[in-house]
Amino acid sequence: MEQQFVNEMEKRLKELKASILDLLAKENEAFSDILNDNGPKDSVDVASGDIDKQLLSVIGKNDLSRLKKIESALSRIKNERYGKCLDCGKKISVERLEAIPYAFFCISCESKRDKRR
Ligand SMILES: [Zn+2]
């Protein structure tokens, strides 16, 4: 995986996360209260740690799971494991990562998982 590409994906993931948080804060007063209660911390850092439970009570499961995916993609970038399929360990294609920066599975594993569902 090229470092430049990973940097680009990291930037996109952070933007994506910030925009979800912004949208939620606009839609949901309780959510923006939680953000404000947690001090002047950069909103990008919110949604990790202790406040997960608080967040889950005000935002839907879907939004929270999307945030979690983004979060863990970001930590995989830190651990230099970004772009590897969690299932088979092969590289996830660049095209796929561009479409879904927080994809964890390569296309063939993802479609196997879809079939199992
Ligand atoms: Zn795979």
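The values are calculated or read from the model by the stated rules, or taken from the named source; none is laboratory data. Since the model is a prediction, treat every value here as computed from it, not as a measurement. Glycine also receives a Cβ, built like all others from the backbone with ideal geometry; neighbour counts cover every protein chain displayed.
Observations on the structure shown:
- The number of residues in segment 72-93 being of a type outside the set (D, E, K, R) and away from the ligand (no atom under 15 Å from the Cβ) comes to 6.
- Pair list, Cβ under 8 Å, 6 or more apart: segment 1-27 residue of a type in the set (V, I, T), other residue in a helix (DSSP H, G or I): V6/I77; I20/D63; I20/R66; I20/L67; I20/I70
- Looking across segment 1-41, just one residue is closer than 30 Å to G83 by Cβ, surrounded by fewer than 13 Cβ atoms within 10 Å (Cβ to Cβ), among the basic types (K, R) and at pLDDT below 95, and that is K41.
- For segment 99-114, a residue qualifies if it is within 9 Å of the ligand (Cβ to nearest atom), assigned to a helix (DSSP H, G or I) and out of contact with any Phe, Trp or Tyr (no Cβ under 9 Å at 6 or more places or on another chain), and the qualifying residues are I107, S108, C109.
- Boolean, R96 is in contact with a strand residue (DSSP E or B) (Cβ under 9 Å, 6 or more places away or on another chain) and either in a helix (DSSP H, G or I) or away from the ligand (no atom under 14 Å from the Cβ) (or both): no
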